[in-house]
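We did not get these values from a lab; they are worked out from the coordinates using the rules stated. Keep in mind the model is a prediction, meaning the values are calculated, not measured. Positions of Cβ are backbone-derived with ideal geometry, glycine not excepted, and every protein chain shown enters the neighbour counts.
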């Protein structure tokens, strides 16, 4: 057990302003996620689940409060350092796959690695990861030539390319049928149990909660830990 | 860092390779049109200026010309002077003529026009009136009764100076020519049309014919015209200057007169039109690339989310813009040099001063390629910077 928390947030607040009205999407959330956890975040629509994920993955800035990722205080980091952290230590999986349409499956997976290593090494690594998510036969297909489940598995492989310590997944099964959802969740389970990767996932589906080691519930931007 | 720097090229290459081909085609076509717009106006004005300059040389003065020293009326011993001039390095041909004012009469119509007495076969080598005969034929050396008239003297429908012309003369007609104190009837051998008004208001007879009327004009000249290659004309001018101290030597530009100010006006308009074309090229390129980038806003957000730094994304779009510009310049150049220029060579713009063709100097071409390239790079840079500066989450969620 490592002493440092994977993610630690303290009194996190996120407000949105629209036409003079202030909406508080996250309302003073404090949370510690340990390394090796498979944390699922649930809650109704508009409860602030996705906003919390965006904040923890450093895709958005909080209005107030503190986020610490692997011992690094987000507010102390320069933009360049945040990019480096996202690139090397965090993986992010979007609900709608978010693949680059002009790149094949393997090219999408290689992309983040090409920031750090040679094309040859990135390709080798991407091939291994696509094999891991059972897409070795569809490496050279464009996203439009893949099913939703396959695209999401490509997105999973891409999130793993730089050996991240933490993966954030925002409703990764929302657009998938039950079989494809199971495939993705099994991959997450394996990554968590066998590779020790910390996974933070937002879900709407109660049956998916069984994969988690811990579940938290958000209601109106506030935390209800189960 | 080395790997990072390869990424924008990789992304740009894949985008060109796998992006929508029609979008790429229309983007390049738009760039090509913007480039053609930039070079066409310059080429046209160059063509007009070069064409009218060449008209002055071909139909009026040659590249260099000589006149009697101020205060004297004639160049004496013209044949001796011509012999010396023809020996000068760079001189292709030289001829002399004796110009005298005269009144030409035909029926009830008459007018005063300059008449030049020439040796037709020598004059032919310097001034190209013989190549511009629209009716009849050029003069022969021993023709003592023949005259050829410019279109503006002959007149007729569509002729610019018809009001002051003889209003219709045909080959074979007889015209009466009244010199100072002499008068002779000439037969119209031919009519010429050089498309240069100053040339087309002249008439030519042979030296032999003038010698009969004015024996004093024998072996005298009022002007000597010298032909050289355009690139050698200044050297020839320098070399022939010292041959005869009793003459004044001029470059053709000294006779350009009104054309000089017309040319200078065209150059000013050219600068103005080029500026407008640059603005059009800049706005067009900016819109094309901006629309392209806005359409990829979410993709740019995703790239940032997976750790691709903004400068790589910006560089990717700058490379794409440079590729669009390069392809646009290549396509524009092909259309210009293999489509427009040959077409206008075959069907020149008919102007009262010249038949203008498209004439683009290499220096201007290079300058305009540079302009389009810079405009494209800046037009790629600005929208890419704008999009990469927006909040990442807003770009991803399309807010």
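Just a few scattered comments:
- Relative contact order, percent, chain A [alpha-carbon distance under 8 Å, six or more residues apart]: 30 percent
- If R0 is 22 Å, the Cβ-Cβ spacing of residue A:64 and residue A:95 corresponds to a FRET efficiency of close to 0.25.
- Distance between the modelled labels on residue B:133 and residue B:262, one decimal in nanometres: 2.7 nm (7 Å Cα→Cβ projection).
- Between helix A:148-160 and chain A: long-axis angle, C-alpha atoms, 0 to 90°, nearest 10: 80 degrees
- Order by protection proxy (mean Cβ within 10 Å, highest first), peptides A:70-77, B:294-301: B:294-301, A:70-77
- Pairwise label distance in nanometres, residue B:298 with residue B:17, each label 7 Å out on the Cα-Cβ vector: 2.5 nm
- Potential extension, residue B:382-residue B:272 segment - 0.36 nm per residue separation minus Cα distance: 37.0 nm
- Partner shielding of B:298-306 amounts to 6, given as the average count of beta-carbon atoms from other chains within 10 Å of each residue beta-carbon.
- Taking B:63, B:195, B:141 in turn, the Gaussian network model of chain B (Cα-Cα springs below 10 Å) assigns the largest fluctuation to B:141.
- Residues A:104, A:173, arranged from fewest to most other Cβ atoms within 10 angstrom of their Cβ, appear as A:104, A:173.
- Across peptide A:98-109, the average count of Cβ atoms from other chains found within 10 Å of a residue's Cβ is 4.
- Pair-distance distribution of the protein assembly as shown: all C-alpha pairs, bin width 10 Å, starting at 0; shares per bin in whole percent are 3, 13, 17, 13, 9, 8, 7, 7, 8, 8, 5, 2, 0.
- With viscosity 1.002 mPa s and temperature 20 °C, the Kirkwood radius over alpha carbon pairs of the range B:73-245 converts through Stokes-Einstein to a diffusion coefficient of 129 µm²/s.
- Axis of helix B:310-335 versus longest Cα principal axis of chain B: the two differ by about 30°, to the nearest ten degrees.
- Averaged over the residues of A:110-118, the number of partner chain Cβ atoms lying within 10 Å of the residue Cβ comes to 5.
- Neighbour-count order for B:261, B:246, fewest beta carbons within 10 angstrom listed first: B:261, B:246
- Working from label points 7 Å from Cα in the Cα-to-Cβ sense, the residue B:182 to residue B:355 distance is 3.6 nm.
- Acute angle (nearest 10 degrees) that the helix A:79-88 long axis makes with the longest principal axis of chain A, alpha-carbon atoms: 50 degrees
- Ranked for footprinting exposure by Cβ neighbours inside 10 Å, fewest first, A:194, B:84 give A:194, B:84.
- Look at the alpha carbon pairs under 8 Å that are at least 6 residues apart: their mean separation over the length of the range B:73-245 gives a relative contact order of 34 percent.
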